[in-house]
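> One structure, as structure tokens, below. Some questions next.
Please treat every number below as a calculation from the coordinates, not as lab data. The structure presented is a predicted model; accordingly, all values stated were derived computationally and were not measured. Every residue, glycine among them, receives a Cβ derived from its backbone with ideal geometry; neighbour counts consider all protein chains shown.
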Amino acid sequence: MQNLIDKLGKFYIDGAWVDPVAGDSFPVLNPATEERVGDVAMGDARDVDRAVAAARAAFESFGRTPKAERIALIERIRAISRRRLPEMAAAITLDVGAPATFSHDVQADSAVGHAEGILRALEAQEEREALYNGDILVREPIGVCGLITPWNWPINQVALKVLPAIAAGCSCVLKGSEYTPLSTIIYAEIMEEAGVPAGVFNFVQGDGPTAGAALSRHPDVQMMSFTGSTRGGRAVTKDSADTIKRVTLELGGKSPNLVFADCGGMLDRLVVNAVAECNLNTGQSCDAPTRMLVERSVYPDVCEIARRAAEETRLDDPTKEGDHLGPLFSQLQYDRVQAMIETGIAEGATLLAGGPGKPEGRNAGYWVKPTVFADVTPGMTIYREEIFGPVLSISPFETEEEAIAMANDTEYGLAAYIQTGDRDRAERVAARLRAGAVHVNGAAVEYGTPFGGYKQSGNGREGGLMGLEDYQEVKSLHIGPFG
């Protein structure tokens, strides 16, 4: 870990670890203990200019790399990612406080899983396609790509952007989150070891208003891919507008979870699993099912099951193996979650489990109690706003039609969840939910499946073939006679 800490003051530009031009830094804290890990360098527009220049120069040759060579490069990245899984997991645990087992099996594993998904997409895609009318379509890399990733799933989001960019033949500049630099540094080391050509992958640090805005506004960047808050997505879109670059966004969510009375004997298991899904990553997931909408006839039972499940959720040291939760990632996030819990109480929601303050015995670190509210109405803040913590809101509905209307009554549309014993109902309701992904009875999204949302949850898709296509331009070729 010390070698990573030593690189906190470095950027990776044009195939080398270099000192930043800017001299500012940002403290990196352990979320479980609040102990200072080190200080990450914070770049500015001059560092971004240097990285973009390297990417632009590299694209001239890398953009013409044969498909077979790009496949071999992604295969090397996949192999090195698999070997370095334990290191990535340890870095993620220190970065965001994710428990060791979850960091290894889910967070870090995404580096390997997404490499496999993009390989299958690249292998299957035809880069040259003959149309019925005799014309030809050619798929080409879009150019230099700016990539901005968040703190909550650091390796997952980095892999979802870097891998398709390289697979398509693009060069890129990654601005990772300044809050989670250690895991991103490992990924940069993987790129270096895999032999990614100098300038094809570049990595800088910095905050959104400075380094992020400089990247979005840069005239030599042809595409921006951003994952983060809806507010941040608006800023990237506006900053990119003057140069008419492509912008793909994966933003916030307030995902509904519709629980129908026809679950029957599955009800207890499905609700317990739904509470666990809400609390996954300590609730710090944009697609978390945080609004549980329950058919009135089973509403009391579901409230009791959810209360019990929350109270039985264990919190423990994130360096330990197990299925417990860790802390939130920062003081800023802790304060926001606490404020939302207090708001829920003040606005009249019924507190079933958890509540304000830190759990007993957790004085240091950003620990929060898994919290469940019942009787939450659509006018309440906790019903409408993304909390990004282990806080579940439960509301009743009378009919299927009302459930659909309540589910869609949000500015977001990233994911939706359905619990039902009726396959026809699942298909019928899913068809009417305005969300990019619908999960039925606990089914998860698999690697290689496109991920993204409707409405203010973003545009574009990440993962698999559609994720690859986001980094490509389509050229039509019209060839006349030569004689």
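> Test of understanding: ordering ARG231, ARG425, ARG217 by Cβ neighbours within 10 Å, fewest first, what list do you get?
Numbers: ARG231 10, ARG425 16, ARG217 20.
Ordered by Cβ neighbours within 10 Å, fewest first: ARG231, ARG425, ARG217.
> Going by how many other beta carbons lie within 10 Å of each one, how would you line up TYR454, TYR366, TYR383, fewest first?
So the residues, fewest neighbours to most, are TYR454, TYR383, TYR366.
> Next question. Taking 21 Å as the cut-off for C-alpha to C-alpha distance, list the pairs among LYS254/LYS320; LYS10/LYS238; LYS7/LYS175; LYS320/LYS369; LYS175/LYS245 that go past it. Walk me through the numbers before you get to the answer.
Numbers: LYS254/LYS320 30 Å; LYS10/LYS238 29 Å; LYS7/LYS175 15 Å; LYS320/LYS369 19 Å; LYS175/LYS245 17 Å.
Correct reply: LYS254/LYS320; LYS10/LYS238.
> Here is a follow-up. Can you give the three extents of the C-alpha atoms in region 256-446 along their principal axes, from longest to shortest, in whole Å?
49, 36, 30
> So, R0 is 22 Å and r is the distance between the beta-carbons of THR319 and ASN3; what FRET efficiency does that work out to, to 0.05?
Details: r = 19 Å, r/R0 = 0.85.
Given R0 = 22 Å and the Cβ-Cβ separation, E is 0.70.
> Give the residue from GLY421, ILE341, VAL221 lying farthest towards the positive end of the charge dipole for the chain; charges sit on Cβ (+1 for Lys and Arg, -1 for Asp and Glu) and the dipole is referred to the Cα centre.
Farthest towards the positive pole: VAL221.
> Which net charge results for the neighbourhood of TYR299, defined as the other residues with beta-carbon distances under 11 angstrom from its beta-carbon, given Lys and Arg at +1 and Asp and Glu at -1?
On the way: positive: ARG296; negative: GLU295, ASP301, GLU304, ASP375, GLU398.
So the environment of TYR299 carries a net charge of -4.
> Charges only on Cβ, +1 for Lys and Arg, -1 for Asp and Glu: so what's the dipole of region 59-108 about the Cα centre, in debye to the nearest 20?
In total the dipole reaches around 260 debye.
> Next question. Of GLY463, GLN2, PRO141, whose Cα points farthest to the positive end of the dipole of the chain (charges on the beta-carbon: +1 Lys, Arg; -1 Asp, Glu; origin at the Cα centre)?
Result: PRO141.
> Give the distance, in whole Å, between the Cα centre of region 406-483 and the Cα centre of region 310-340.
Each part reduced to its Cα centre gives a spacing of 30 Å.
> Based on other C-beta atoms within 10 Å, arrange SER25, SER255, SER61 from fewest to most.
Exposure proxy ranking, most exposed first: SER61, SER25, SER255.
> OK, next. Roughly how big is the chain's charge dipole about its Cα centre, with Cβ charges of +1 (Lys, Arg) and -1 (Asp, Glu), in debye to the nearest 20?
720 debye
> Then there's this: For the chain, what is the mean residue ellipticity at 222 nm derived from helices alone (per DSSP H run of n ≥ 4: -39500 (n - 2.57); sum divided by total residues; nearest 500 deg cm²/dmol)? Please list the in-between numbers first.
Working: 16 runs with 183 residues, N = 483.
For the chain, the value works out to -11500 deg cm²/dmol.
> Nearest-5 percent of antiparallel DSSP beta bridges in the chain?
Values: 25 of 63 bridges.
Just about 40 percent of them are antiparallel.
> Once you put a point 7 Å from the Cα of GLU402 and another 7 Å from the Cα of ALA57, both along the Cβ direction, what distance in nm separates them?
With each label point 7 Å from Cα toward Cβ, the separation is 6.6 nm.
> In debye, nearest 20: dipole of region 118-213 around its Cα centre with unit charges on the Cβ of K, R (+) and D, E (-)?
Working: 5 positive and 11 negative charges, 35 e Å.
The dipole magnitude comes to about 160 debye.
> Roughly what % antiparallel, to the nearest 5, for the DSSP beta bridges in region 256-446?
Percent antiparallel among DSSP bridges in region 256-446 is about 15.
> Next question. Got a sec? Charge dipole of region 2-251, +1 on Cβ for Lys and Arg, -1 for Asp and Glu; which of THR184, VAL21, ALA54 is way out at the positive end?
ALA54
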